[in-house]
Amino acid sequence: MMIQAEVSLYPLGEPALSPAIEALVRAIENSGCSVETGPMSSLVRGDTGDVFRALESGFEEAARGRRCVMVVKVSNACPHK
């Protein structure tokens, strides 16, 4: 099934937010899923298993050596591009 996930990452106690967010986006891009970044969240599109594996991999990369909160909304009802 094709799904879409909206994901936001919040690095906690970090002097700079970009490194963790960039690690998340890079891991998702490397997964082969479609990713569209925005100012407050990113949209990830793909097959259910691929999206969840990409989110898992992205969180592991972003949280390596950092404390992070990741918020994800998943839908199979949103239009896909």
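Below, the figures for the structure above:
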{"read-out": "Rounded tilt (10° steps) of 18-30 against the dominant C-alpha axis of the chain", "value": "30 degrees"}
{"read-out": "Angle in degrees between helix 48-63 and the longest Cα principal axis of the chain, rounded to the nearest 10", "value": "10 degrees"}
{"read-out": "Built amide H within the under 5 Å cut-off of CYS68, gap 5+", "value": "LEU12"}
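Every number here is computed from the coordinates shown, using simple stated rules; none is lab data. Values in this document were obtained by computation on a predicted structure and should not be read as measured data.
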